[in-house]
Amino acid sequence: MKKLIENLKKYPVVIFFGVLLYTLAIMDLFSPVQERSELENRSLQTFPKFSWEQLFNNEYTPKIEDFTEDHFIKRDTWISLKSISESLLGKKENNGVVYGEDGYLFTKFVTTDYTQMKKNVGYINKFMERHSDRKVSVLLAPTAPGVMTDKVLNGSPVIDTDYILDYVTENIDSSVLVDVRQVLSQHTDEYIYYRTDHHWTTLGAFYAYSEYMETVGRDAIEKDNLEFVEVENFLGTHYSKSKNYDVKADVLSYIESDAQIDINGEINSIYEKEKLDVRDKYAMFLRGNPGKATIKGNGTGKIMILKDSYANCFVPFMIDSYEQIDIYDMRYITMGLDQFIEAENYDEILFLYNCETFLSDKDLMKINMFN
Amino acid sequence: MIFSNIFFIFRFLTIVLFVYYIVPYKYKNGVITIASLIFYSWGEVKYFPIMIASTIVDFFSSQYIEKNRGNKKKMKRGLACSVIFNLGCLMFFKYTDFFITNINSFAGTSIPLLNIPLPLGISFYTFQTMSYTIDVYREKVPAEKNIINFSAFVTMFPQLIAGPIVLYSDINEKLNTHEGRITLDAINEGIKLFIFGLGKKVLIANNVGALWTDIETMGFAAVSTPLAWLGIIAYSLQIYFDFSGYSLMAIGLGKMLGFDFPMNFNLPYISKSITEFWRRWHITLSSWFREYVYIPLGGNRKGLKRQILNMLVVWFLTGFWHGADWNFMLWGLYYFLLLTVEKIFLLDWLKKHPVPARVYTLLAIAVGWAIFYITDLGALSGFIVKMFSLSGGVSAGYYLRNYFVSILIGILCSTSLTTKFWEKYKNNNLIMIPVLTAIFLLSIAYLVDSTYNPFIYFRF
C-alpha cells in the first residue's frame, strides 16, 4: 500500500482524474433527487420501478440512463457550460430552437410537411358546409418568424407562414378568413411576440383581436383605454429547450379583469395568477388549456372559439363585447360539436390557431366527427 | 450501453474499475466477464444467451482441436463447428431479412421478415472468436484452458460492440498474467486516451454530425451543391471522429484494465492514396480480412489476375460486413475498383504528385461516404449528381455559419497536429492535465444536455 502511494505520486494524471471521477460520482449519488427542472420546464425522469417485462422490452435500462442524466449533479451548470461552448463555436441553434437577432428564439423547421395542414383546411371547409348559416371565421396567427422577419437571421430554417396562409387563403371561402398578417406587420417595432416563447404577446393578440372585431362588424376596445399589467422575467417554451446562457427574459403582460371562467362547473378568475410565480407564466391565461370552458361577458351574442393556446391571451379582450364566450380545445373534445352549436345557438364561430399548430394539428378532424 | 454516456462513466465504469482493482488477481478475469455481460445485456437482454453460446462453442471447438492435434479430420471438424456457428449467427441475425426482402422483390413472394434487432457488436465478436479458433487450428496460439479467461477475452466490454477487433493472440499473455498485469503507467496512459477518445466522439463527431442529420431530414436531393459538399465533409468528419473516438476510448479502457489493444486508426485523412487510406482506416478490420481471407486465398502469390480476384472477394465481403444492404456492397466494390486501378498503374503516379494525390484521395473518400451512408440508391445518385453539377437547393449559408468552426476544428484534428501534440506533451503534466480536464468537463456538459448523441454502428 505504502509502495502504491509512493508510486502514485509519479502519476498526477491518475490521481487527479481518479479523484475527479470518484468525487463527482459519489457526490452525484448523494445529491437530492428533484422532480422537476425549472430551467427546462419539464418533469425529470423518476427512478424506474423494476419489472421483468420492461427489462425484456428494453424499456428499463434506458430509463435508468435517463434518470442518471436528468439528475446528474449540477445539471443546470453543465447545461450552461454547453451553451457557452456552443456559442463560442458560433452555433446559432440548440435542441430544435433557432436563434435570431436581439434574443429572439424560433422553432427550427428543417423541412415542412404540409400534408396535415392541407387536410385541416379540408376539415374546416367540410365544417363550414354544415354551418353556412352561421358566421364562421378562421384566424390563423402567423408565428414570430413570419412577422418579425428582420429578427430572423438570413437563411434560418424556420416556418414559412406565408406559404401556409396563402394556401389557406386560396382554399378557403374568403369571407371567413381573418388575415392578421398586415395588421401585425404594421407593428413590428412594438413588442408583439415574445422572444423566448412561441406565443404572441398580449399586445400582439390585441392587434389581431381588433382585426377580428372589424371583420365581424363589432367595435373593438381602443388601445389607449387598456392598461397592461407587466410581469418581469418570463422565460418561455423556446428557452426551455434552447437553454442558452445569454437569454433575454421576456416581460409578460395582461389586462386586469374580474371576469370568471367556468371549467366543468368550477368557477374561478380567468387568470390563474399563481402561475405568475412559476416558470410557465403564460399558463395563467384562461388557467392553462381547459378542454371546454365558458366565460360570461358583458356584451351581446354568443361565440364559440375552437382554439389553441394563442387564444388564451386573445379572449380576455372579447369579454366586454360578448354575452357568452365558449372555448373548445379539440384535443379534449370527444363529442360532436354540432349538438353544442345547436344547443347554444352560437352567433359566431371562430377557429383561432397559430400556423405552427395548424400545420401539424391532428385533432381538427374531430370537428366533423361524433355527430 | 455505450461509452459516451453519463451512466457508463459515472456508474458503470466507476464501480467496475473499483471492484476490478481491489479483487485478487485470480478473480479479475471473472470480474471482466460479469461486468461485460451486464454491459452487453444492458441494451438487449434477450441476446445474453448468444454471448454465452458464442463463448462456449469457440472454447470447446478449440479444446477439441487442441486435443486432436495431428488428426487433420477431427481438427477440421472442430474448426468447422466454430466457423459455421459464427458465420451462421452473423448470417441469421444480420443478413436474413436482407435476403428475404430481395427474394420477395425479385420473385414476387411475400415471405415474412424476421424483424429481429441486430445483436449489438455481432459483426465484431463473431470475427474475433472465429479468428481465435482458426489461430488454434493453425497452431499460432495454444487453446485457452480456462473458460473464465476465455470468456473475458470474448466478452471484454471495452472492445465488444465497436472494435477494435482484438485477436486472442493480442491479449492472451496478459489474460494469463497474474502479477503485474495492471501498471500505473498503463492506467496513466489509458486515462489520457479515454478522455481524448471521449472528446473526439462527443465534442467533434456529435457536433458536426448534426449537420448531416439535418441534410438527411431535408432530403439529399433538396440541397444545393455547396451544402452537399458541406454535408459530406461533415459526415466524413463525423464517421472518423465517432469511430476512431470509440476505438480510442476502447484502447484507453483496455489499458486501464491492463490490456494492450491494437491501434485502429492512424490519421486516415492524411493519406495520399486509397491504398494508404485503407492502411490507416479501421486497421484491425483490414488486417483481419488480410489474415483470414486474402492470404488464405493466395494473396498476391498466384499472379496478378488471381490477386485481383482475391481483392474482389475481400472488398465485396468488407462492404457487406458493414451492413446488409446493396449500397454497402457497392461501397466495397467501389473501393475494389479504386484499389485495383491504383495497383495497376495509378499508385506510381500518385507517389510523384503528392498534392493531386491528396485531393484525389479525399474526393474519393468523400464520395465513398456518400455511398456508404445513403442506403436508397435513387437518393444516392441524386446526391452524387448534386455534388458534381452546380445546382440550386437549400443554400449552405446558415449551415456554414453554424458549423464552420466545428468543421475547422475537425479538419485540424484530422491532421498530424494531434499526434505531434501527443508525442511532445504526453508526459508534460502541466499541459496534459488542463487540456484533459477541459475536454473531460466539456464532454460531460455535452452528455448531460445531450440533444444529439447517436450510436452509428447499429448496422455493423
With all protein chains present and a 1.4 Å probe, how do B:His353, A:His187 order by accessible area, largest first?
B:His353, A:His187
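Take the Cβ-Cβ distance between B:Lys424 and B:His353 as r, set R0 to 51 Å, and report the resulting FRET efficiency rounded to the nearest 0.05.
Values: r = 31 Å, r/R0 = 0.60.
FRET efficiency, B:Lys424 to B:His353: 0.95.
Nearest 5 percent is fine: what portion of the DSSP beta bridges confined to the protein assembly as shown is antiparallel?
Details: 26 of 46 bridges.
That works out to approximately 55 percent antiparallel.
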Roughly how many Å² of B:Ile148 are accessible to a 1.4 Å probe, to the nearest 10?
80
Given H placed 1.01 Å from N in the peptide plane, which residues other than close sequence neighbours of A:Arg42 have an amide H under 5 Å from its amide H?
A:Ser37
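Sort A:Glu323, A:Glu342 by accessible area with a 1.4 Å probe, largest first. Present the calculation step by step, with values, prior to reporting the outcome.
On the way: A:Glu323 90, A:Glu342 120 Å².
Sorted by accessible area, descending: A:Glu342, A:Glu323.
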Please report, in Å, the Rg and the Dmax of the protein assembly as shown, where both are computed over Cα atoms only.
31.9, 104
Please turn the phi angles of the range B:435-446 into ³J(HN,Hα) values with the Karplus equation 6.51 cos²θ - 1.76 cosθ + 1.60 (θ = phi - 60°), one per residue in order, whole Hz, x for glycine and proline.
4, 5, 4, 4, 4, 5, 5, 4, 4, 4, 4, 6
Quick one: Cα centre-to-centre distance for the range B:142-189 and the range A:34-75, in angstrom?
34
Which value, in debye to the nearest 20, describes the size of the charge dipole of the protein assembly as shown about its Cα centre when Lys and Arg Cβ atoms bear +1, Asp and Glu Cβ atoms bear -1, and nothing else is charged?
6780
Sequence order, the range A:234-248: Karplus ³J(HN,Hα) from phi using 6.51 cos²θ - 1.76 cosθ + 1.60, θ = phi - 60°, Hz rounded, Gly and Pro as x, gives 9, 10, x, 5, 5, 5, 4, 8, 6, 6, 6, 5, 9, 4, 9
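Can you pull the mean other chain C-beta count within 10 Å for peptide A:6-15? Don't skip to the answer; put the middle values down first.
Numbers: counts 0, 3, 3, 0, 3, 8, 5, 13, 9, 3.
Average neighbour count from other chains, rounded to a whole number: 5.
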When you look at the Cβ of every residue in A:86-92, what mean number of other chain Cβ atoms sits within 10 Å?
5
Per the helix-only calculation at 222 nm, which mean residue ellipticity applies to chain A, given -39500 (n - 2.57) for every DSSP H run of n ≥ 4 and division by its residues, nearest 500 deg cm²/dmol?
-10000 deg cm²/dmol
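For B:217-223, what's the mean count of beta carbons from other chains sitting within 10 Å of each residue's beta carbon? List each step's numbers first, then the result.
Details: counts 4, 5, 2, 0, 0, 2, 0.
Other-chain Cβ atoms within 10 Å of each residue's Cβ, averaged: 2.
Quote to one decimal, in nm, the extra length available between B:Leu304 and B:Thr437 on full extension: 0.36 nm per residue of separation minus the C-alpha distance between them. Could you put the intermediate results ahead of the total?
Working: separation 133, 0.36 × 133 = 47.88 nm, distance 5.26 nm.
That works out to 42.6 nm of additional length.
If we sort B:316-324, B:20-28, B:186-194 on the protection proxy, mean other Cβ atoms within 10 Å, highest first, what's the order?
Answer by packing, highest mean first, reads B:186-194, B:316-324, B:20-28.
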How far apart, in nm, are two points set 7 Å out from the Cα along the Cα-to-Cβ line at B:Leu297 and at A:Asn57?
4.6
Once amide hydrogens are built 1.01 Å from N within the peptide plane, the residues lying 5 or more places from A:Val138 or on another chain with amide H under 5 Å from its amide H are A:Leu177, A:Val178, A:Phe351
The set of residues whose placed amide H lies less than 5 Å from the amide H of A:Ser269, leaving out same-chain residues fewer than 5 positions away, is A:Ile261
Per-pair calculated FRET efficiency, R0 = 45 Å: B:Asn71 and A:Thr115 via Cβ, rounded to 0.05
0.10
For the Cα atoms of chain A, what angle does the longest principal axis make with the long axis of helix A:12-30, in degrees from 0 to 90, nearest 10?
50
What's the buried accessible area, both sides, between B and A using a 1.4 Å probe, rounded to 100 Å²?
4600
What does the accessible area of B:Thr101 come to, in Å² to the nearest 10, when a probe of 1.4 Å is used?
70
Under the Karplus relation 6.51 cos²θ - 1.76 cosθ + 1.60, θ = phi - 60°, what is the ordered set of whole-Hz ³J(HN,Hα) values for the range A:161-167, x standing for Gly and Pro?
5, 5, 4, 5, 5, 5, 4
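The values are calculated or read from the model by the stated rules, or taken from the named source; none is laboratory data. Just so it is clear, the structure is predicted and the values come from calculations on it, not from any experiment. Cβ coordinates were reconstructed from backbone atoms using ideal geometry, including for glycine residues, and neighbour counts include every protein chain displayed. Surface accessibility is based on the protein's heavy atoms, side chains included, excluding ligands, DNA and RNA. Shrake-Rupley method; radii C 1.70, N 1.55, O 1.52, S 1.80 Å.
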